[in-house]
Structure formats: C-alpha cells, structure tokens
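To keep things clear, I will list the structure first and then write my remarks on it.
Values in this text are rule-based calculations from the coordinates and carry no lab data. Please read these numbers as outputs of a predicted model, since none were measured by experiment. So basically every Cβ, Gly included, is an ideal-geometry build from the backbone, and we count neighbours across all protein chains shown.
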Amino acid sequence: MTKKNILNLALLLIVTLLISIINFSENENYELERLSTIDITSIKTITIQHNGNTTIINKPANAGWVIQQPVNIDVNKFRINSILKIINAPVHSRYSLQDIDLASIGLEKTTTSISLNEHVIDFGIINPITNLRYVKFENRIYTIEDVYYPLLNSHFGTLVSLKLLPTNSSISKLILINQTIARDDNNLWQSNITITADNIVKTLDHWQTMQAFGVHAYLERKQLGEVFIYTDNKQKPISYVITDRNPWLILARPEIDLEYHLDIEAYDLLITPR
C-alpha cells in the first residue's frame, strides 16, 4: 500500500468521523445558542472558498444539489447536508469585533469561507485551549466546534457523489477491457465475447449502481487500461482510466481532477465481466 493510498484512506476515515461528530453535536448541544436560526431549506447556493480555490454548489428548483464549479457533477448528499448544518451550529462563545484582535485569531485576512446564499461565514484559527474554531458571521466573532472546517479545506472531491455515473443517466454502450456491450438491431443487449445475457444485465446494473468508497484528487500513475461508458446516446462517452489494482481499484478521470477508489472485487464486476 503506497503512502498516497494510506493518506487517502486516513482522510476518508477522518471525514466520516467528522460527519458523525456533527450529527452528535446537533443532538447534544441543543441548549446552546445557535449561530443563526436561518432555515436550512431556504439555502439554494453554497460557495466555498479556500486558498484561492472556489467550489460552487447549487440547488435548482425542483432538483437536487449539484456541483457547478470547478466541474459540473453530482454531489455527495450526506456531506452537503452536513455542511449546511453550520448555519445553525451550536455557539460556545461570542465577541464583538472591537473585543478581539482579528489578526491574532486568523480573521483579519481569512483564507477559508463559506457562503450560504448571501450569508458569509469566515474561518479563523483554532483556540489552542478550547480546541474551538473562531468564525466571523454578520460582524460578530463566534467559537464553534471544529467539525465543519475539514470539510471545506479539502479537495472538492470530498463533496462529489460516490456513484460512477450521473444521476438518472442510462447506459447505451460499454467499451470495456475485454469486450464491448451494446444493443443490436433488435434492441437487445449483446457482447462481442461469449457471456450470458444475465451477466450482461448484471454488468450494466453494476455500472449504474456501484459506489466508490472514496473520491479524491487525481494522482498521476501508470495507466493500466481505459474503459468508456456511453450514456443517453450522447456522442462523447465518460471515460475512466484504470490506474491501480492493489490494494484496491482506482478509476481516474484526469480531465476533471478526480479519481474513484473501489474495493478490488469491483474490477471483475466492472472492468472484465464474464
């Protein structure tokens, strides 16, 4: 296992733990003042800025959340819902701008902020004594539990859906390592190798439903092959480059700076079904 793989696994565990803490905090700190009483369901736009990078997430009318910048892609709904909770985060202390030195708490020139509609929250440093994070919201300074910041200062892949294909997409053709699967003139699924109809259907279903256990920033590695998935009769396919098979399967999309990590058993189900 490479150091990069170990790091990605560690980051996945940390994010999972943080989300659990956020939910626990919501239940345990009901007696504390809240950062605001803004209704989460009224929020339609999320903008995250960190070290000069911007991620924009929108919720169109009668539709779900979708990342629109830096790429257009489905979101990890669970993590977006966790981020939204910051607007009602339990507050442990608050100060006026005149009562505290902004430079000393990292809020004179912040490098990380989140905008929920027009509501902007700037992030400062952690108080070394309380381990609480300083934030600025509506011209006041607050301290909150440090469970939201790690979701904002990570690569945008942390917020991307774990599914391999877009929501509501339908496969029209698969070009895999060992075969091509497509419909014939009678609209029946066929392969150019010997494989049962049931296994063809299972392969299509695996591509439609299987989820990665993590989505990370793309890391250039040796290419071990490439597969192409045509959806909804679109001319341009979704392509995945196979970049690792040990200890797990990594399917990369270099053009959008993402790679998907799956259990190694997925290789036979997705890449070389028989």
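Observations
- Label-point separation in nm, ILE256 to HIS119, each point 7 Å along Cα→Cβ: 2.9
- Viscosity 1.002 mPa s, 20 °C: Kirkwood-radius Stokes-Einstein D of the range 185-274 over Cα pairs, µm²/s: 151
- Long-range amide H partners of GLN69 with built H, under 5 Å: ILE56
- Hydrodynamic radius of the chain per Kirkwood, over alpha carbon pairs, in Å: 20.9
- Amide H within-cut-off set for TYR218, under 5 Å, with H built and near neighbours excluded: LEU258, GLU259
- Candidates ASN187, ASN72, ASN51, ranked by Gaussian network fluctuation over the chain, Cα under 10 Å, top entry: ASN187
- Size descriptors for the range 18-158, from the alpha-carbon set: Rg then Dmax equal 14.8, 45 Å.
- For ASP205, ASP101, the sequence from fewest to most other C-beta atoms within 10 Å is ASP101, ASP205.
- Angle in degrees between helix 3-28 and the longest Cα principal axis of the chain, rounded to the nearest 10: 50
- Under Karplus coefficients 6.51, -1.76 and 1.60, residue-wise ³J(HN,Hα) of the range 62-78 in Hz, glycine/proline x: 6, 9, x, 5, 8, 6, 10, 8, x, 9, 8, 7, 5, 9, 7, 4, 4
- Over the chain, dividing the summed -39,500 (n - 2.57) contributions of all DSSP H runs of at least 4 residues by the number of residues returns a 222 nm mean residue ellipticity of -6000 deg cm²/dmol.
- As a rough footprinting exposure proxy, the listed residues PHE78, PHE228, PHE137 were ranked by other beta carbons within 10 Å of their own, and the order from fewest upward is PHE78, PHE228, PHE137.
- For the range 220-230, backbone phi angles converted through the Karplus equation (6.51, -1.76, 1.60; θ = phi - 60°) give residue-by-residue couplings of 5, 9, 5, 7, 9, x, 8, 10, 10, 10, 8 Hz, Gly and Pro being listed as x.
- Anisotropy class of the range 107-184 from Cα gyration tensor, a/c 1.5 cut: prolate
- Multiplying the residue separation of SER42 and GLN69 by 0.36 nm and subtracting their alpha-carbon distance yields 7.6 nm.
- Extension gain from GLN190 to GLN208, taking 0.36 nm per residue of separation minus the Cα-Cα distance: 4.7 nm
- Each label point was placed 7 Å from the Cα along the Cα-to-Cβ direction; for GLU108 and ARG94 their separation is 2.6 nm.
- Arranged from fewest to most other beta-carbon atoms within 10 Å of their beta carbon, LYS136, LYS109, LYS44, LYS163 become LYS109, LYS44, LYS163, LYS136.
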